[in-house]
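A.B. asks: Attaching a single structure in structure tokens format; questions to follow.
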Amino acid sequence: MRPTRIEVEGFSAFRARTEVDLADADLFAFVGPTGAGKSSVIDAMVFALYGSVPRYGSDRLVHPVITQGKPECRVQLDFELAGTAYTAVRVVRRTKGGATTKEARLQRGEEVLAADARGVTEAATELLGLDLEQFTKCVVLPQGAFAALLHDTSAKRQDLLVKLLDLGVYEQVAVAARRRVQAADQRLAVLEGQLQQLGSATDDAVAAAEARASATAAVVARLDAATPALTALDDRTRAIDADLAGVVGQLEALEGIAVPADVGSVADAVRQTTEDVTTAEASERAAMVAVEEATALRASLGDPARLREQLRAHTDQAALVERVAKGRSTVADQQAVVAQLDDAAAGSATAEQAAVAALERARLEHAAADLARHLHEGDECPVCGSTVTRLPSVDAGELAAAEAALAAARTSHQQASAAATGARTTLAGYEARLESLTEELTAAEAHLAGAPSADALHEQLAAVDAAEAALATARARDQDARRTATAAREARDRAVAAEGRARAELAAVRDRVAAQGP
């Protein structure tokens, strides 16, 4: 074998497509730094032929040949053998569990010798006369494998050398020589036996043999004379035997005719199953029509989801009416509360004004006492301008009572005003909520304008439910009718097939005896 071209892509160190042309090289060497891909070129050649890379340690381990990050690799080896060009191609693709080499091909010109991975390996082994182990021991020695060849068993080395040097021809020569010796020994034994048999050939024995030969010649002459008569008898005997054989064959054919046990029921079965098919198909058509009518009725009743939505809208509207009425009642009650609290606030304001007036009168009536309450020793008297050296003794009880009454009136007024303000705030909230509910009610009434009433919707939904139930029943009956019709047709087909087989059997029996006449 002489390699002429190696092409790889995605194989080991060769990520991109790489071509090694050896067509014009009689002797070549691969040189380069470690990792440049020298061994990978040799591996590619071995892999193309045998689908394995020896240095990986297992003939089934193929996924390491794919370049890291590539989904697949492709190897092609062109080589010559005995002046004929061959091409071996293998493609390895990654899988979840490793890789696969299902795509492979070995060609001799345009002729495809093998079209799968195993076939390529077997064809390459047959072409080269070497399997993978022998090829990697005598043609391509993997790194570190030369010692394995030297230390192999003598029997394995001998077998390898026999194949390489074509020494098997000597074994074939030895086998042929042994056969000729056996044939000569057998011929010698035959001749020796014949010599032993001829040892008793004396003159008397020869004379007796000649006498027997003369008697035998006379018998032969008589037999020759009787030969025409014997031949005629033989011809007549053969004719009688032929006639007898024909009669026996006719008799056997007639005796072999028997009416099948079920022949009487074949036609009845065909007729009955045909009637069953007609009935079943009529039921099937009726069920189909019922489904179509139920479907049309159901479609005419409208969308139940829309009907239920309108019914919910009626329910929501009724709830809104009740809530609006309740809201109006609440607003009215709160308005009454606000009016009551406003009256209380107005009364407390009047009481406060009266307390202010009472305090002013008390201050006028008890001006001296009012003034004295604000003097301190050492202050200047606001009336005479002199310095106060002693505080006068005055009765300010009425002034204090008037001031206390004013303070109480103011507190009561503030509380009444706060209560009235809170009530108005609550009323504003109630009124806002009532306004919102009123708007919702108005929108709901607008949404339901022209819609059926709740009772009408209930009736329509009941009609929809009834129509859907009727449709489901019709569909179930349609399915049953279809199954029944299918079973009837299958039974009819079986009966027709049985009738066909019966007719075929009848034709076969009739053909065997047709030559005998009616």
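The values are calculated or read from the model by the stated rules, or taken from the named source; none is laboratory data. Since the structure is predicted, the reported quantities are computational estimates derived from the model, not experimental observations. Positions of Cβ are generated from backbone atoms using ideal geometry, with glycine treated the same way; all protein chains shown enter the neighbour counts. What goes into the accessible areas is simple: the full protein's heavy atoms, side chains included, and nothing from ligands, DNA or RNA. Shrake-Rupley method; radii C 1.70, N 1.55, O 1.52, S 1.80 Å.
A.B. asks: Part of a strand (DSSP E or B), touching a strand residue (DSSP E or B) at 6+ places or on another chain (Cβ under 9 Å) and closer than 22 Å to D21 by Cβ: does that describe E80?
C.D. replies: Yes: the conditions hold for E80.
A.B. asks: Still on this model: If you check G264, G327, G249, which single one turns out to be open to solvent by less than 40 Å² (accessible area, probe 1.4 Å), free of Cβ contacts under 8 Å to residues at least 60 places away in the same chain and assigned to a helix (DSSP H, G or I)?
C.D. replies: From the options G264, G327, G249, the qualifying one is G249.
A.B. asks: What single numbered condition from (1) open to solvent by less than 60 Å² (accessible area, probe 1.4 Å); (2) assigned to a helix (DSSP H, G or I); (3) within 24 Å of R512 (Cα to Cα) fails to hold for T273?
C.D. replies: With respect to (1) open to solvent by less than 60 Å² (accessible area, probe 1.4 Å); (2) assigned to a helix (DSSP H, G or I); (3) within 24 Å of R512 (Cα to Cα), T273 is out only on (3).
A.B. asks: Which of the residues spanning region 319-334 are charged (D, E, K, R), closer than 14 Å to S436 by Cα and more than 60 Å from the chain's Cα centre (by Cα)?
C.D. replies: K326, R328
A.B. asks: Considering only region 495-514, I want to know if a residue exists there that is open to solvent by 40 Å² or more (accessible area, probe 1.4 Å), more than 60 Å from the chain's Cα centre (by Cα) and of a type outside the set (V, I, T).
C.D. replies: Yes, there is a match, as at least one residue in region 495-514 is open to solvent by 40 Å² or more (accessible area, probe 1.4 Å), more than 60 Å from the chain's Cα centre (by Cα) and of a type outside the set (V, I, T).
A.B. asks: Let me ask something else about it. Check D316, D241 and return the single one that is surrounded by 14 or more Cβ atoms within 10 Å (Cβ to Cβ), at negative phi, part of a helix (DSSP H, G or I) and among the acidic types (D, E).
C.D. replies: Checking each option against the conditions leaves just D316.
A.B. asks: To continue, here is another question. In a loop (DSSP other than H, G, I, E, B), within 22 Å of A502 (Cβ to Cβ) and within 60 Å of the chain's Cα centre (by Cα), is that true of A258?
C.D. replies: Details: in a loop (DSSP other than H, G, I, E, B): yes; within 22 Å of A502 (Cβ to Cβ): yes; within 60 Å of the chain's Cα centre (by Cα): yes.
Yes.
A.B. asks: Every residue in region 1-58 that is open to solvent by 20 Å² or more (accessible area, probe 1.4 Å), in a loop (DSSP other than H, G, I, E, B), free of Cβ contacts under 8 Å to residues at least 40 places away in the same chain and not aliphatic (A, V, I, L, M), please.
C.D. replies: R17, D24, D26, F28, F30, G32, P33, T34, G35, G57, S58
A.B. asks: Looking at the structure I just gave you, is T153 in contact with a helix residue (DSSP H, G or I) (Cβ under 6 Å, 6 or more places away or on another chain) and at pLDDT below 85?
C.D. replies: no
A.B. asks: Just one of (1) open to solvent by less than 60 Å² (accessible area, probe 1.4 Å); (2) touching a Phe, Trp or Tyr at 6+ places or on another chain (Cβ under 8 Å) trips up R108, so point out which.
C.D. replies: (1)
A.B. asks: If you don't mind, another one. Here's a check for you: in region 83-117, which residue that is without any contact (Cβ under 8 Å) to a residue 12 or more places away in the chain, of a type outside the set (D, E) and assigned to a loop (DSSP other than H, G, I, E, B) is farthest from E9 (Cα to Cα)?
C.D. replies: Top of the filtered list is G83.
A.B. asks: Would region 429-449 turn up any residue that is open to solvent by 70 Å² or more (accessible area, probe 1.4 Å), in contact with an Asp or Glu (Cβ under 8 Å, 6 or more places away or on another chain) and at pLDDT 85 or above?
C.D. replies: No.
A.B. asks: Something else now. Going residue by residue through region 475-488, is there one that turns out to be surrounded by 13 or more Cβ atoms within 10 Å (Cβ to Cβ) and closer than 30 Å to V324 by Cα?
C.D. replies: No; the residues of region 475-488 include none that is surrounded by 13 or more Cβ atoms within 10 Å (Cβ to Cβ) and closer than 30 Å to V324 by Cα.
A.B. asks: Which residues, taken from region 276-285, are exposed (fewer than 14 other Cβ atoms within 10 Å of the Cβ) and either farther than 29 Å from A488 by Cβ or in contact (Cβ under 8 Å) with a residue 24 or more places away in the chain (or both)?
C.D. replies: Result: T279, single match.
A.B. asks: Looking at (1) open to solvent by less than 40 Å² (accessible area, probe 1.4 Å); (2) under 48 Å from the mean Cα position of the chain (by Cα); (3) at pLDDT 65 or above, find the lone condition where R118 falls short.
C.D. replies: Tallying (1) open to solvent by less than 40 Å² (accessible area, probe 1.4 Å); (2) under 48 Å from the mean Cα position of the chain (by Cα); (3) at pLDDT 65 or above, R118 fails exactly one: (1).
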